[in-house]
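**Student:** One structure, as structure tokens, below. Some questions next.
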Amino acid sequence: MTAAEDTAGPTPRFNFAAWLSRYGTLLAFLLLIAFNVIATPNFLSLQTLNVNLTQVATIVIVAVGMTLVIATGGIDLSVGSLMAIAGAIAPMILLGAIAPTTDPLVVLPLAFIVPLVVAGLLGWFNGFLVTHYSIQPIVATLVLFTAGRGIAQVMTNGNLQVFKNPPFQFVALGHVFGIPTQVLIMIVVVAAAAFLIKGTALGRQILAVGGNEKAARLSGIPAKRVKRFVYVISGVLAGLAGLIVVARNSASDANLVGLGMELDAIAAVAVGGTLLTGGRANIIGTLLGACVIQLVRYTLLANGVPDAAALVVKAALIVVAVYIQQSADRT
Amino acid sequence: MLLSMTGINKSFGDVRVLTDASLQVGPGEVMALIGQNGAGKSTLIKILTGAYSHDAGSIEFQGADVRFGSTAASQAAGIATIYQEINLAPNRTVAENIFLGREPRRFGLVDRARMQADARTVLRRFKLDIDVNRPLQDFEAATRQMVAIARGVTQNARLLILDEPTSSLDEREVAVLFETIRTLKADGVAAIFISHRLDELFAICDRVTIMRDGRTVAVSPMKDISKVELVRTMLGKELAAFTAKKRAHGDGEGAALVGVENLGAGVRVRDVSLTIGKGEIAGLAGLLGAGRTETARLIYAADRKERGAITVDGRETNYVAPADAIADGMGFVSEDRKIEGIVPEMSVRENMTLAILPKLQKAGIVDKAAQRAIVEKYIAALGIKCSSPEQPIRELSGGNQQKVLLARWLCMNPRLLIVDEPTRGIDVGAKAEILKLLRSLADEGLSVLMISSELEELIAAADHVTVLSDGLSVRRLASEDITEANLLSAMAYQEVPA
């Protein structure tokens with residue numbers, strides 16, 4: 001023990017399990033790319049890149065919020081339903097169903113702001129249930145998971161809303177410097193969250209609350225406020241993803257928008273190497289995790305394996321990722 | 001010999017933690033295992049129980065060469081470990097905990113009646129007459145510990161490993177525990193007893209194995225070794241006596257910083273009054289359950305007070321949360337480092353600056369340079385041993401973790417530091433160091449409220465001591481009145497004869 005305590009620098013001992021848990025996702029990502037370069041025709045094209053990135057963008061955006069929630073030791077099952085609500089409100093505003101106007105100068109900002117605010121408030125409600133009534137997060141967010149989609153269906157009478165509004169749809173279909181807007185949004189969200197965790201006091205407090213809530217509280221950290229904050233962020237990001245999805249489809253179906261998204265997001269977080277027990281947040285890992293899942297699916301599809309089989313591979317990936325995490329923790 | 005471990009070597013990466021360590025225990029023998037934090041005790045025990053595997057050496061248990069692949073395997077072979085942090089299911093009943101995983105069955109179903117009857121029988125052996133159908137969490141620490149031991153006994157354990165078993169027990173409970181160990185000893189059950197309380201070792205153990213720097217440095221019958229010799233062998237040097245110098249005005253006559261009057265909340269704190277002067281170490285004594293920690297938590301607003309008044313600098317406080325107390329210059333080092341102190345995943349640097357973070361930010365962004373300066377200053381000032389500020393705090397020894405937690409508050413430049421059992425689970429050398437540190441901080445003007453179960457610690461360090469009994473502040477002792485006899489008689493105040 002003394003030998004270790006006297007050394008000045010970090011002890012350079014190599015631990016394969018720890019290394020794998022840290023870089024495993026990146027390794028898998030690179031291996032998948034290498035495999036596709038060799039095996040999949042036309043893989044190295046801008047089109048392939050765009051297809052994959054646009055498909056992964058919404059998952060990443062939601063998964064970033066999920067990463068923050070999971071870092072506090074919670075989980076947010078309601079993200080898919082919040083996407084449906086945000087995705088239902090925006091077309092209603094654009095089509096003049098809420099306010100009696102379709103003046104673009106009025107409805108366009110409202111079509112962005114109102115859904116995001118509503119999603120944020122619903123996120124706050126999740127946080128309120130968790131902090132005020134000490135309800136377990138999985139149960140607390142089950143409330144909106146169930147009720148949220150119902151609310152979206154009631155708002156739209158269960159009808160498909162079809163719309164065409166190029167300025168609004170720019171969030172999904174537009175390009176900035178040749179990069180799809182939604183990919184750009186994804187990058188901004190990832191960068192902002194990574195900075196939040198690494199560089200800000202709030203980020204460290206999120207990890208402290210997840211790592212040891214009692215210690216955090218005794219250190220003067222407003223643990224409840226921190227928790228409510230992450231649920232709000234998760235809600236807003238889910239709302240944003242909902243807007244992108246309906247903009248991409250030129251249609252909003254409350255039954256389908258964000259369906260199963262909570263599981264995709266949790267899978268991305270798990271594969272990305274964030275502990276589901278809280279206390280850690282690996283935002284870049286989540287990005288890579290989502291990319292790996294997407295790329296596996298793409299690889300299988302491009303090589304003639306049906307989508308249903310891809311689900312099994314996805315499940316296997318999650319098992320492997322969690323196994324690596326745990327074996328790294330044991331050493 | 002029941003157990004014979006010889007020539008045990010173990011490295012983690014390139015760090016050697018055990019070198020030719022050995023441990024022998026005879027049947028029905030109680031073996032003390034002592035050493036400073038980091039001496040290799042817990043690693044040796046973990047190798048024995050199969051939690052770690054050894055690099056070299058041999059283990060013989062009940063005459064056979066063994067190498068347990070898991071803790072389950074060592075349990076099945078008859079080794080039961082009772083940990084500091086008790087490994088039971090708090091929300092299951094006492095009976096369920098005792099028979100967890102091997103419930104008596106009848107027609108394939110759990111035979112609850114038999115399970116309860118068996119549980120009662122085994123607990124009665126330890127003179128414990130409790131309702132075995134109540135959840136374990138309803139009982140105090142000592143009872144939970146007995147249940148853990150009872151669980152080991154019903155597994156036909158031949159060897160009990162007791163890791164700091166008395167750290168959360170009061171004297172009466174310790175007596176009950178020792179009685180239990182003697183009962184088991186008569187049945188030929190051996191025990192390895194790990195404790196930092198030397199008096200207890202002399203009271204219960206037959207022999208002692210002393211470890212230092214990963215080696216077994218001495219084995220001796222308890223009766224052939226003196227306390228001083230024991231400590232000297234353990235530390236490898238003469239123990240610097242920690243008779244910290246008291247303040248000249250150390251009788252509470254200095255200007256009061258904190259005044260507590262008729263404080264109360266619930267049944268644990270009924271009526272507590274005390275004062276803490278500027279630059280004083282005020283002791284808070286009492287038996288387990290007397291309301292010491294609860295009182296401190298009320299002062300710090302970790303819990304809400306229901307009655308009474310707390311004044312700081314003459315002004316009455318109305319804190320809502322610890323954050324308010326912190327803003328007013330208070331700090332709180334809790335009793336249980338693992339549960340309420342450290343954030344295990346985080347580094348030394350982040351743990352140390354957890355409380356000061358709000359002051360280290362500019363527009364929400366942490367000022368890394370200022371943070372590093374603070375961390376480096378306190379690592380040097382308190383002599384914290386870590387490989388780097390980035391080392392996860394969970395890898396540090398207990399004493400060093402405690403120093404990081406002290407630094408968490410010292411960097412805030414507080415007026416009052418509340419320390420709850422500041423030397424619990426810390427080796428003798430580090431104990432003296434922490435007490436000296438508190439003394440020198442008090443000399444610089446910091447007020448300290450020190451909760452301690454160790455009388456000699458209070459006698460050595462406190463300027464005055466308030467004794468609590470059953471939620472009441474029953475006595476205040478100053479300077480030379482702080483003696484073992486006075487403290488004990490005050491603690492025993494109003495104790496209802498059983």
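**Student:** Could you give the Stokes-Einstein D for chain A in µm² per second, using the C-alpha Kirkwood radius, 20 °C, 1.002 mPa s?
**Tutor:** Once the numbers are plugged in, D ends up at 103 µm²/s.
**Student:** Specify the longest stretch of chain A that does not include any exposed loop site, a site being one of the trypsin sites (Lys or Arg not before Pro) with a non-H, G, I, E, B DSSP assignment and at most 16 other Cβ atoms within 10 Å.
**Tutor:** The answer is A:165-331.
**Student:** Heavy atoms of the protein only, probe of 1.4 Å, neighbouring chains included. What is the accessible area of B:Ile459 in Å², nearest 10?
**Tutor:** My reading of the accessible area for B:Ile459 is about 50 Å².
**Student:** Follow-up. Along the positive direction of the dipole of the protein assembly as shown (beta-carbon charges: Lys, Arg +1; Asp, Glu -1; about the Cα centre), which of A:Ala191, A:Phe163, A:Val236 reaches farthest?
**Tutor:** A:Phe163
**Student:** Residue separation times 0.36 nm, minus the C-alpha to C-alpha distance between B:Ala485 and B:Arg112: what's the value?
**Tutor:** Separation in residues times 0.36 nm, less the Cα-Cα distance, equals 129.4 nm.
**Student:** Quick one: ranking B:Arg372, B:Arg197 by accessible area, 1.4 Å probe, largest first, what do you get?
**Tutor:** B:Arg372, B:Arg197
**Student:** Could you give the C-alpha radius of gyration of the range A:178-245 expressed as a fraction of 2.2 N^0.38 Å, taking N as the number of residues it contains?
**Tutor:** That works out to 1.34 for the range A:178-245.
**Student:** What number in nm² do you get for the protein assembly as shown if you take the convex hull of its Cα atoms and divide its surface by four?
**Tutor:** 41.0
**Student:** So if I restrict to the alpha-carbon atoms in the range B:1-140, what is the Rg, and what is Dmax, the biggest pairwise distance, in Å?
**Tutor:** 18.5, 54
**Student:** Treating the angle as unsigned and between 0 and 90°, give the value, to the nearest 10°, between the Cα long axis of helix A:181-199 and the longest Cα principal axis of chain A.
**Tutor:** Helix A:181-199 and the main axis of chain A meet at about 40 degrees.
**Student:** Which whole-Hz couplings ³J(HN,Hα) result when phi for each residue of the range B:212-221 is put into the Karplus expression 6.51 cos²θ - 1.76 cosθ + 1.60, θ = phi - 60°, listed in order with x for Gly and Pro?
**Tutor:** For the range B:212-221, the Karplus-derived couplings read 8, 6, x, 10, 8, 9, 7, 10, 8, x Hz, x marking Gly and Pro.
**Student:** Moving on to the next point. Can you compute the FRET efficiency between A:Val322 and A:Ala34 using 1/(1 + (r/R0)^6), with r the Cβ-Cβ distance and R0 = 30 Å? Round to the nearest 0.05.
**Tutor:** Rounded to the nearest 0.05, the efficiency is 0.75.
**Student:** In addition: Ordered by residue, what ³J(HN,Hα) values in Hz, to whole numbers, does the range A:144-152 give under the Karplus form 6.51 cos²θ - 1.76 cosθ + 1.60, where θ = phi - 60° and Gly and Pro are x?
**Tutor:** Computed from phi, the couplings for the range A:144-152 are 7, 4, 7, 6, x, 5, x, 4, 4 Hz.
**Student:** Right, here's the next one. If I build a Gaussian network model for chain A, linking alpha-carbon pairs within less than 10 angstrom, which residue out of A:Phe43, A:Phe125, A:Phe229 has the largest mean-square fluctuation?
**Tutor:** Of A:Phe43, A:Phe125, A:Phe229, the Gaussian network model singles out A:Phe43 as fluctuating most.
**Student:** Please report the carbon-and-sulfur percent of the accessible area for chain B; probe 1.4 Å, protein heavy atoms only, DNA, RNA and ligands left out.
**Tutor:** C and S fraction of accessible area: 49 percent.
**Student:** How long are the semi-axes of the equivalent ellipsoid of the range A:34-78, defined as square roots of 5 times the Cα gyration tensor eigenvalues? Whole Å, largest first.
**Tutor:** 32, 12, 7
**Student:** Out of every Cα pair in the range A:202-314, what percent are spaced more than 20 Å from each other?
**Tutor:** 56
**Student:** Given the rule -39500 (n - 2.57) for each run of at least 4 DSSP H residues, summed and divided by the residues of chain B, what is its mean residue ellipticity at 222 nm, to the nearest 500 deg cm²/dmol?
**Tutor:** -9500 deg cm²/dmol
**Student:** With every protein chain in place, what's the accessible area of B:Ile374 (1.4 Å probe, Å², nearest 10)?
**Tutor:** 30
**Student:** Let me cross-check A:His132: its accessible surface, 1.4 Å probe, with only protein heavy atoms counted, in Å² to the nearest 10?
**Tutor:** 110
**Student:** Let me know the shape class of the range B:256-298, please: from the alpha-carbon gyration tensor, a ≥ b ≥ c as square roots of the eigenvalues, rounded when a/c is under 1.5, otherwise prolate if a/b is greater than b/c, or oblate.
**Tutor:** Oblate shape, in that a/c is at least 1.5 and b/c is the bigger or equal ratio.
**Student:** Step through the residues of the range A:301-312 one at a time and calculate ³J(HN,Hα) from phi using the Karplus curve (6.51 cos²θ - 1.76 cosθ + 1.60, θ = phi - 60°), rounding each to whole Hz and writing x for Gly and Pro.
**Tutor:** For the range A:301-312, the Karplus-derived couplings read 4, 5, 9, x, 8, x, 4, 4, 5, 4, 4, 5 Hz, x marking Gly and Pro.
**Student:** Diagonalise the Cα gyration tensor of chain B and give the resulting equivalent ellipsoid semi-axes, square root of 5 times each eigenvalue, largest first, whole Å.
**Tutor:** Rounded to whole Å, the semi-axes are 39, 28, 23.
**Student:** Could I ask something else about it? How large is log10 I(q)/I(0) at q = 0.16, 0.17 Å⁻¹ when the Debye formula is applied to the Cα atoms of the range B:3-235, each weighted equally and without solvent?
**Tutor:** -1.13, -1.25
**Student:** Magnitude of the Cβ-charge dipole of the protein assembly as shown, K/R +1 and D/E -1, about the Cα centre, nearest 20 debye?
**Tutor:** 1540
**Student:** So, how do all the Cα-to-Cα distances of the range B:376-498 break down into 10 Å bins, in percent, from 0 on up?
**Tutor:** Calculated over all Cα pairs of the range B:376-498, the distribution is 12, 39, 30, 14, 5, 0 percent.
**Student:** If you don't mind, there's one more thing I want to ask. Just reorder A:Trp19, B:Trp409, A:Trp124 by solvent-accessible area, largest first, 1.4 Å probe, all chains present.
**Tutor:** A:Trp124, A:Trp19, B:Trp409
**Student:** Still on this structure, I have one more. Pairs of Cα atoms under 8 Å, at least six residues apart: use those to get the relative contact order of chain B, whole percent.
**Tutor:** Once divided by the residue count of chain B, the mean separation gives 16 percent.
**Student:** Using only the Cα atoms of the range B:256-491, what semi-axes does the equivalent ellipsoid have when each is the square root of 5 times a gyration tensor eigenvalue? Give whole Å, largest first.
**Tutor:** With the √(5λ) rule applied to the range B:256-491, the semi-axes are 29, 21, 15 Å.
**Student:** Against the empirical 2.2 N^0.38 Å scaling, what ratio does the C-alpha Rg of the range A:83-190 come to?
**Tutor:** 1.24
**Student:** Could I ask something else about it? Taking the Cα centre of the protein assembly as shown as the origin and placing charges on Cβ (Lys, Arg +1; Asp, Glu -1), which of B:Ala327, A:Leu82, B:Ile418 is farthest toward the positive end of the dipole?
**Tutor:** Positive-most Cα among the choices belongs to A:Leu82.
**Student:** What dipole magnitude, in Debye to the nearest 20, does chain A give about its Cα centre under +1 on Lys/Arg Cβ and -1 on Asp/Glu Cβ?
**Tutor:** So the dipole magnitude of chain A works out to roughly 460 debye.
**Student:** About its Cα centre, what dipole magnitude does chain B give when the only charges are +1 on Lys and Arg Cβ and -1 on Asp and Glu Cβ, stated in debye to the nearest 20?
**Tutor:** Rounded to the nearest 20 debye, it is 1000 debye.
**Student:** May I pose another question? Can you give the FRET efficiency to the nearest 0.05 for B:Ala478 and B:Glu306, using r as the Cβ-Cβ distance and R₀ = 30 Å?
**Tutor:** 0.55
**Student:** Work from the charge dipole of the protein assembly as shown (Cβ charges, +1 for Lys and Arg, -1 for Asp and Glu, about the Cα centre) and give the residue of B:Ala460, B:Phe178, A:Ala302 farthest towards its positive end.
**Tutor:** Highest projection toward the positive end goes to A:Ala302.
The values are calculated or read from the model by the stated rules, or taken from the named source; none is laboratory data. What you see is a predicted model; the values in this text were computed from it and never measured. Virtual Cβ from ideal backbone geometry, glycine too; neighbours counted across all protein chains shown. Side chains included, ligands, DNA and RNA excluded: accessible areas come from the protein's heavy atoms. Shrake-Rupley method; radii C 1.70, N 1.55, O 1.52, S 1.80 Å.
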